[in-house]
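Data block below; observations after.
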Amino acid sequence: MKGKRTYEVFARINAGEPLQSIGSVDAPSDEFAKQYAKMFYDEEDWEVMFVVDRKNILKVSGDPGHEYDDVGELEAPPAGFTTQAGER
């Protein structure tokens with residue numbers, strides 16, 4: 001897909017719960033990313049869902065040798081987020 005970007009998808013089922021990293025989508029724009037996230041991750045009745053362009057995720061801490069770049073998978077979700085059991 002020409003000009004595609006990778007977006008991380010975060011959601012929660014109930015208000016007040018922490019957001020969870022539920023996956024990612026590749027899309028040519030923010031609007032497409034929102035639509036793809038709705039289509040691909042509709043298995044739950046999410047209270048809220050967000051997409052975040054990976055280029056906007058800022059590293060807070062970690063080993064200098066493990067700098068995040070947009071060519072691979074995220075090793076862990078951003079600080080303050082939890083993942084679903086068994087998901088990475």
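Packing, as the average of other Cβ atoms within 10 Å across residues, places the peptides 29-35, 6-12, 57-63 in the order 6-12, 29-35, 57-63, highest first. Modelled label positions at LYS38 and LYS55, each set 7 Å beyond Cα in the direction of Cβ, lie 2.5 nm from each other. Protection proxy ranking, highest mean first, for peptides 41-49, 20-28: 20-28, 41-49, where packing is the per-residue count of other beta-carbon atoms within 10 Å, averaged. The modelled label-to-label distance for the pair SER29/GLU47, using points 7 Å beyond Cα in the direction of Cβ, is 3.2 nm. Amide hydrogen proximity for PHE50: with H placed 1.01 Å from N in the peptide plane, the residues at 5 or more positions away or on another chain lying under 5 Å are PHE10, ALA11.
Coordinate-derived values only; no laboratory data. Just so we're clear, the structure is a prediction, and the values are computed from it rather than from any experiment. All Cβ positions, glycine included, derive from the backbone under ideal geometry; neighbour counts span all protein chains shown.
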